[in-house]
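The values are calculated or read from the model by the stated rules, or taken from the named source; none is laboratory data. Source: prediction; values computed, not measured. Note that each Cβ is placed from the backbone with ideal geometry, even for glycine, and that neighbours are counted across all protein chains shown. Accessible surface is based on the protein model in full, side chains and every heavy atom, while ligands, DNA and RNA are left aside. Shrake-Rupley method; radii C 1.70, N 1.55, O 1.52, S 1.80 Å.
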Amino acid sequence: MPTRVFPYRILERTLAKMFFQQLVTALLFCISAVSWASTSHSDSALKPSQWLEKMQRAAIEENYRGTFVFSRGEMMSSMRIVHRYQNDLEEERLTQLDGEMGEIVRRGEDVMCVFPDNRVVKLEKNKVANKVVQAFANFMPNHAFYELKVDGYDRLGDRSSVRMAVKAKDHHRYSYVLTLDQKTGLLLRSSLQNQEGKELEHFQYTQIDFPDSISDAELRPLLEGKQVTHEMIPSIKSDTRWPSQTMWSVTWTPPGFMQVNATDEPGDNVMLFSDGLATYSIFIEMIEKDLMPEGASMVGATVAYAQQLAYGDHRYAVTVVGEVPAMTAMKVAESVQPKMDQ
Amino acid sequence: MDERIKESISALMDDEVNELELQRALAQLEDEDVAEIWQRYHLARDVIRGESYAPDMSASLSIGVSQAVSEWIEQDQQPLKSDQAEDNATAYSLPRVGGLLSLAASVIFAVVFVLQNHAQHDVTFTNVAQANDQQDNALEVVANRQPKIIDQISDDQAKRLNHYLLRHAEHSMLGARQGAMPFVRVASVNSVGI
């Protein structure tokens, strides 16, 4: 009987096949890893300022829906948001999920507040939106006033994210820790802190997705078939008792802030300032009843500083509203004065 | 020391000095004796009023205050504070507005007081701006100014506040910095409603 030869050739072919399969698998894995790494690396190569630009674009141009929590101090609330960008039109619907459900619905620059008692409140159109300079949209925070750096990468809501530290270099503004979705740049989490490191405001998505399309129904407020009442919030009226050519100016502006709307006509009584990240509005009006008491009313990170001033025989009320320290708002308010000579 | 100088300093603190006396006082303030008198008068006033000033020793003042004040006095366009502002004496404690001269006096006081106490570390200001805001330091230091924090408002005032917040959110939206954040802030306000 011949000696049975161990089937080395079969074994060789089998081993070779196995080896080849494993080699292919390994190669495929390596290619994927390199591809992922190169993608991540290209994102991580973005400068902090580029991440902020990406964040700004995403806020406007992405379709997204999600649920988030917002807290300031002891107060915490959860909300749902739906945002669509279609045919150059930005639409948004913000719904409160705690307590009675109120909503804010936005279509372009038209804003509507919907209350649980079927009251619909809109803002009267004002000139500010028409006179905002184009530069506002492109105005990025200056390195002279903020230290920007990428702090790290992690995952948030099952999405890869990048964390950025935006640290104020002086006491005229607050600091931020921003967490952005790595793919789209959308802001997923935000922590606003004062100079002492105390968190004044926190915002964080608990769930978010980015659908290709969003239906009109998702952007409609819950008013279908209900009897509603409509109200209009008037714009901040200027005081017509001033000489007709009176215009307004501020003699002190915190470093790094610039006015981003034109107030080049007599009667323009609303000024808007930004440093590329923080914003404050100045409202100038006549003194009347129910004005805010003089001083700082704090609503989380937002201050509303009210001041009454006099110029000769004329008296006027200034209110500075923004996400800046109360001291900054106070100094701005005190510096508002009329310009009589044209 | 010339008694007239002491009288000028005293009158300056009481807002009862004319321009000639002010100029004389400004010219004399570099004199150490005069500066000491200035300091003692202000300390005495502080004790009577129950106020305290705490200069930050790290702040450095390098502005020509006397010159700046002199120039300011020549101008006549500084808004005056309202009567209501003068009554708010708790934390909003600017010097009583008797005119530009009061503010000038306070600025001069800041320079002299801080310079005199820099080596002694007798007192320290609180809440003084950083060294890179030296011009702001002068006014903040002298008055120990802090914005008055409002903790109670009426329902009508709350409604007005909401209007401001909504308008400001509308403005912030125009810059599209943080997406829906401006309106999130408004929506989270639990108040009598807009």
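The single residue among A:212, A:268, A:275 that is of a type outside the set (Gly, Ala, Ser) and over 25 Å from the mean Cα position of the chain (by Cα) turns out to be A:268. Out of the residues in the range A:84-121 that are modelled with pLDDT of 85 or more and basic (Lys, Arg), which is farthest from residue B:170 (Cα to Cα)? That would be A:84.
Please find, within the range A:54-65, the residue that is most open to solvent (accessible area, probe 1.4 Å) out of those that are closer than 16 Å to residue A:190 by Cβ and within 10 Å of chain B (Cβ to nearest Cβ). Quick ask: steps written out before the conclusion?
Quick first cut of the range A:54-65, residues closer than 16 Å to residue A:190 by Cβ only: A:54-56, A:58-59, A:64.
Now narrow it down to the ones that are within 10 Å of chain B (Cβ to nearest Cβ): A:55-56, A:58-59, A:64.
Details: A:55: 5, A:56: 23, A:58: 3, A:59: 6, A:64: 4 Å².
Once the filter is applied, the top-ranked residue is A:56.
When restricted to residues that are within 13 Å of another protein chain (Cβ to nearest Cβ), within 21 Å of residue A:312 (Cα to Cα), open to solvent by less than 20 Å² (accessible area, probe 1.4 Å) and not in a strand (DSSP E or B), the range A:240-283 contains 1. When residue A:332 is tested against the conditions (1) in contact with a Gly (Cβ under 9 Å, 6 or more places away or on another chain); (2) within 8 Å of chain B (Cβ to nearest Cβ), the lone failure is (2).
Would you mention how many residues in the range A:97-129 are small (Gly, Ala, Ser) and in contact (Cβ under 8 Å) with a residue 40 or more places away in the chain? Result for the range A:97-129: 0. Any residue at all in the range A:153-171 that is closer than 30 Å to residue A:258 by Cβ, touching a residue at least 60 places away in the same chain (Cβ under 8 Å) and aromatic (Phe, Trp, Tyr)? The answer is no, given that none of the residues of the range A:153-171 is closer than 30 Å to residue A:258 by Cβ, touching a residue at least 60 places away in the same chain (Cβ under 8 Å) and aromatic (Phe, Trp, Tyr). Restricting to the range A:88-129, name every residue that is more than 27 Å from residue A:76 (Cβ to Cβ), open to solvent by 50 Å² or more (accessible area, probe 1.4 Å) and in contact with an Asp or Glu (Cβ under 8 Å, 6 or more places away or on another chain). Of everything in the range A:88-129, those that are more than 27 Å from residue A:76 (Cβ to Cβ), open to solvent by 50 Å² or more (accessible area, probe 1.4 Å) and in contact with an Asp or Glu (Cβ under 8 Å, 6 or more places away or on another chain) turn out to be A:107, A:109, A:122, A:127. Scan the range A:185-201 for residues that are open to solvent by 40 Å² or more (accessible area, probe 1.4 Å) and either over 16 Å from the mean Cα position of the chain (by Cα) or within 12 Å of another protein chain (Cβ to nearest Cβ) (or both) and jot them down. Passing the criteria: A:189, A:195, A:196, A:197, A:198, A:199.
Filter the range A:207-227 down to the residues that are more than 14 Å from chain B (Cβ to nearest Cβ) and either within 30 Å of residue A:301 (Cβ to Cβ) or open to solvent by less than 40 Å² (accessible area, probe 1.4 Å) (or both) and list them by number.
First, pick out the residues of the range A:207-227 that are more than 14 Å from chain B (Cβ to nearest Cβ): A:207, A:209, A:211-218, A:220, A:222-227.
Result: A:207, A:209, A:211, A:214, A:218, A:222, A:223.
The set of residues in the range A:72-84 that are crowded, with 18+ Cβ neighbours inside 10 Å and either at the interface with chain B (Cβ under 9 Å from one of its Cβ atoms) or not basic (Lys, Arg) (or both) comprises A:72, A:77, A:79, A:81, A:82, A:83.
More than 30 Å from residue A:147 (Cβ to Cβ) and either within 17 Å of the chain's Cα centre (by Cα) or open to solvent by 30 Å² or more (accessible area, probe 1.4 Å) (or both): is that true of residue A:237 in this structure? Steps first, please.
Numbers: more than 30 Å from residue A:147 (Cβ to Cβ): yes; either within 17 Å of the chain's Cα centre (by Cα) or open to solvent by 30 Å² or more (accessible area, probe 1.4 Å) (or both): yes.
Yes: the conditions hold for residue A:237.
The listed residues are B:139, B:166, and the only one of them that is open to solvent by 10 Å² or more (accessible area, probe 1.4 Å), within 28 Å of residue A:308 (Cβ to Cβ) and either at pLDDT 85 or above or more than 7 Å from chain A (Cβ to nearest Cβ) (or both) turns out to be B:139.
The strands (runs of 3 or more DSSP E) found entirely in the range A:284-329 that carry 3 or more residues being touching a Gly at 6+ places or on another chain (Cβ under 9 Å) and either open to solvent by less than 10 Å² (accessible area, probe 1.4 Å) or more than 7 Å from chain B (Cβ to nearest Cβ) (or both) are A:302-311.
Looking across the range A:271-292 at every residue that is touching a strand residue (DSSP E or B) at 6+ places or on another chain (Cβ under 6 Å) and of a type in the set (A, V, I, L, M), the one that is nearest to residue A:51 (Cα to Cα) is identified as A:272.
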